[in-house]
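The values are calculated or read from the model by the stated rules, or taken from the named source; none is laboratory data. Since the model is a prediction, treat every value here as computed from it, not as a measurement. In this analysis, Cβ positions are derived from the backbone assuming ideal geometry, glycine residues included, and neighbour counts consider all displayed protein chains.
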Number of protein chains: 2
Amino acid sequence: MHQEVDVLVSEVGPRDGLQSIKRVMPTENKILWISALASSGLREIEVGSFVSPHLMPQMADCATLVREANKLENLNVLALVPNLKGAELAIAAGTRKLTMPISASLEHSLNNIGKTPREAIEEVSRVCGLRDSTSVEQRPTIDIGISTAFGCTLEGAVSEDWVMEMAGLLAKAGADSIGLSDTTGYANPSQIKRMFRRLRGEIGVEKMAGAHLHNTRGQGLANVVAALEVDVATFDSSLGGLGGCPFAPGATGNIVTEDLVFMLEAMGLHTGIDLDALIATREVLLSGLPDEVIYGNIPEAGLPKGFTYASERNVT
Amino acid sequence: MHQEVDVLVSEVGPRDGLQSIKRVMPTENKILWISALASSGLREIEVGSFVSPHLMPQMADCATLVREANKLENLNVLALVPNLKGAELAIAAGTRKLTMPISASLEHSLNNIGKTPREAIEEVSRVCGLRDSTSVEQRPTIDIGISTAFGCTLEGAVSEDWVMEMAGLLAKAGADSIGLSDTTGYANPSQIKRMFRRLRGEIGVEKMAGAHLHNTRGQGLANVVAALEVDVATFDSSLGGLGGCPFAPGATGNIVTEDLVFMLEAMGLHTGIDLDALIATREVLLSGLPDEVIYGNIPEAGLPKGFTYASERNVT
């Protein structure tokens, strides 16, 4: 279904967003929200994390969410799995796309998952083994985003060579696709172009996944433009900019799905998403998380007068 | 002095910012603020507007500001002149760079300056005549930004062909340089690239001025990245994102100087500006306009750990 769009917008709010909020959104509200997001035209949603409910009670209903989201049409259902145990649960629930937390920064990796980067890669290898032993009907794909790829709030600069070495090791471990994550909002457009060019050289275009970018320093959409210049075609974002990384101090701020979709469509890149419907899902989110502060310029300013979608302009 | 930097950041806060605020900042505070901005390394500041003080009492002290700012080192002092009368006052005060309000949208032009676009171009022609009859020592340069070049909140889409025709007419009228302004926050990165490429073709690189961009729909820095791709090397911005256009409803939001400078320096583009000093000028601004709401991600999030300026990295 990726082929139907020019750029795939992967909504991470129900996982990355809700994970960073202490309050627990009731399961029925999550289902309503995920359905509304899918109805607006989003093709991919990360619905939750198969992490221990003792660590993150917000994510305890992930199996239910996967089962419900699997009923929706035209939707890639994605879930995060921290380890082999999580992957077993995810596959049992019917998750067809798994993502795993891998960090290029040693300190961030230890803080986030209690493993060194190399130990985390070994875990990816084990999960790939599980994938390969799973029946074809249930077999998931495994997508990895390398966190802190552009710098770390704890360590500062992260070696670009090491990030590329990790990408190579992850490909060798069997990951289906590998992307880069600006977990800390440190990335700049020049670095984005340089790193994604290198990534493609390292693992090949068929294994290259997308960009997970933050707007902490106001650079989120600027970095998207840079990534588009080097043919990145998948971007993570979250509705209302919900969430960030709880283990990277000060690193709040996923890019806002509404503003991202507006930019892409205005640029003539078809996303399949209806902006009015997408903006309306903010109310669904807020009905499950009353008074939560959410962000976004387009919901505030409105669409330009005479705005047309990419698909309306491409008709020849 | 433009040659000393890779990108010229032109601060418009004292004019575009203060003009949009009803309260009047005392002249002594403006002088302190402009001095602080120049000390942080800004090479160009638009200090005010030679508009009638009856229309805009906020701008009544423009002549004083020009005289004071002319004493500062390494600074291009810029002022807006709405018409020939304003240009006479500006030249008498010693202003060496004038900018004039020209709008591509008929309705915006009538609302903003009470003239049609063609009448406004005739006024530019008269001001260019005045420039040519001014002694060499006092002769100013005349820089025009075409407002609503990317769309208008009143009219919707604006003809790109008409914008280019205007640029040609303005060049013929004698303008020294011509840039494009996204007065309404309607521009998208693809449009920015297309239009600045066309502008260069239309008037030649030596007459091409910069981009004046707004962040109304969150696209400000994304549009800067697109403009950099086509070699635009001057950007307007305002400290704390102060201001917008009072005659384009909802179109608040100049791009934030602090975030722009951070992005450029992070990309390896030398601006000559010290970010800590620049951020410190926010307090100087606020001391003259207590409790004014200002914006900016970098002042909030802080510089990345281990951040280096372009000039530190370019040492070979």
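For the reader, a short list of remarks on this structure follows.
- For the range B:169-194, a residue qualifies if it is within 14 Å of chain A (Cβ to nearest Cβ) and buried (at least 24 other Cβ atoms within 10 Å of the Cβ), and the qualifying residues are B:D182, B:T183, B:T184, B:G185, B:Y186, B:A187, B:N188, B:P189, B:I192.
- Lone qualifier among A:I113, A:I142 - being within 18 Å of the chain's Cα centre (by Cα), modelled with pLDDT of 95 or more and crowded, with 17+ Cβ neighbours inside 10 Å: A:I142
- Of all residues in the range A:1-52, those being part of a loop (DSSP other than H, G, I, E, B) and either more than 23 Å from A:G145 (Cα to Cα) or touching a residue at least 40 places away in the same chain (Cβ under 8 Å) (or both) number 17.
- Where B:K207 falls short, out of the listed (1) within 23 Å of A:A226 (Cα to Cα); (2) more than 15 Å from the chain's Cα centre (by Cα); (3) charged (D, E, K, R): (1)
- Among the residues of the range B:44-51, not a single one is surrounded by fewer than 16 Cβ atoms within 10 Å (Cβ to Cβ) and either hydroxyl-bearing (S, T, Y) or modelled with pLDDT of 95 or more (or both).
- Any chance B:A38 is under 19 Å from the mean Cα position of the chain (by Cα), surrounded by 17 or more Cβ atoms within 10 Å (Cβ to Cβ) and within 21 Å of B:R131 (Cβ to Cβ): no
- Scanning the range A:80-116 for residues that are aliphatic (A, V, I, L, M) and either part of a loop (DSSP other than H, G, I, E, B) or in contact with a Pro (Cβ under 9 Å, 6 or more places away or on another chain) (or both) yields A:L80, A:V81, A:A87, A:A90, A:I91, A:L98, A:M100, A:I102, A:A104, A:L106, A:I113.
- Pairing residues of the range B:118-139 that are closer than 18 Å to B:W162 by Cβ with residues that are hydroxyl-bearing (S, T, Y) and surrounded by 14 or more Cβ atoms within 10 Å (Cβ to Cβ), at Cβ distances under 7 Å and at least 6 apart in sequence or on separate chains, gives B:A120/B:S109.
- Pairs linking a residue in the range B:170-182 that is at pLDDT 95 or above to a residue that is surrounded by 24 or more Cβ atoms within 10 Å (Cβ to Cβ) and part of a loop (DSSP other than H, G, I, E, B), with Cβ atoms under 7 Å and 6 or more positions apart or on different chains, are B:L180/B:A149; B:S181/B:A149; B:D182/B:A149; B:D182/B:F150; B:D182/B:L213.
- Residues that are crowded, with 24+ Cβ neighbours inside 10 Å, more than 14 Å from every other protein chain (Cβ to nearest Cβ) and touching a helix residue (DSSP H, G or I) at 6+ places or on another chain (Cβ under 9 Å) occur at least once in the range B:196-207.
- Candidate set from the range A:267-278 (those that are in a loop (DSSP other than H, G, I, E, B) and hydrophobic (A, V, I, L, M, F, W, C)); member that is nearest to the other protein chains (Cβ to nearest Cβ): A:M267
- The range B:165-211, residues that are in contact with an Asp or Glu (Cβ under 6 Å, 6 or more places away or on another chain) and either hydroxyl-bearing (S, T, Y) or within 18 Å of B:T116 (Cβ to Cβ) (or both): B:A167, B:G168, B:S177
- All conditions but one from (1) within 14 Å of another protein chain (Cβ to nearest Cβ); (2) touching a Pro at 6+ places or on another chain (Cβ under 9 Å) apply to B:G145; the one that does not is (1).
- Residue match in the range A:70-79 (condition: in a helix (DSSP H, G or I) and of a type in the set (D, E, K, R)): no
- The numbered conditions (1) over 17 Å from A:L242 (Cα atoms); (2) at pLDDT 95 or above are all true for A:N74 except (2).
- Residues in the range A:279-311 that are in contact (Cβ under 8 Å) with a residue 12 or more places away in the chain, part of a helix (DSSP H, G or I) and within 14 Å of chain B (Cβ to nearest Cβ): A:I279, A:I298, A:P299, A:A310.
- Only one of A:E68, A:E88, A:E73 that is of a type in the set (D, E, K, R) and touching a helix residue (DSSP H, G or I) at 6+ places or on another chain (Cβ under 6 Å): A:E68
- Condition check for B:I279: of a type in the set (V, I, T), modelled with pLDDT of 95 or more and touching a helix residue (DSSP H, G or I) at 6+ places or on another chain (Cβ under 7 Å): yes
- Flag set for A:D16, criterion: under 30 Å from A:V163 (Cα atoms) and surrounded by 21 or more Cβ atoms within 10 Å (Cβ to Cβ).
- Some residue of the range A:151-163 being facing chain B (nearest Cβ under 8 Å) and of a type in the set (V, I, T): yes
- Scan of the range A:218-250 for residues that are touching an Asp or Glu at 6+ places or on another chain (Cβ under 9 Å), at pLDDT 95 or above, within 12 Å of chain B (Cβ to nearest Cβ) and under 21 Å from A:I102 (Cβ atoms), ordered by number: A:N223, A:S237
- Hits in the range A:168-198 (condition: closer than 23 Å to B:P304 by Cα and touching a strand residue (DSSP E or B) at 6+ places or on another chain (Cβ under 9 Å)): A:G179, A:L180, A:S181, A:D182, A:T183, A:T184, A:G185, A:Y186, A:A187, A:I192, A:M195, A:F196
- Residue that is surrounded by the fewest Cβ atoms within 10 Å (Cβ to Cβ) [pool: residues in the range A:52-75 that are touching a Leu at 6+ places or on another chain (Cβ under 7 Å) and over 18 Å from A:E292 (Cα atoms)]: A:A63
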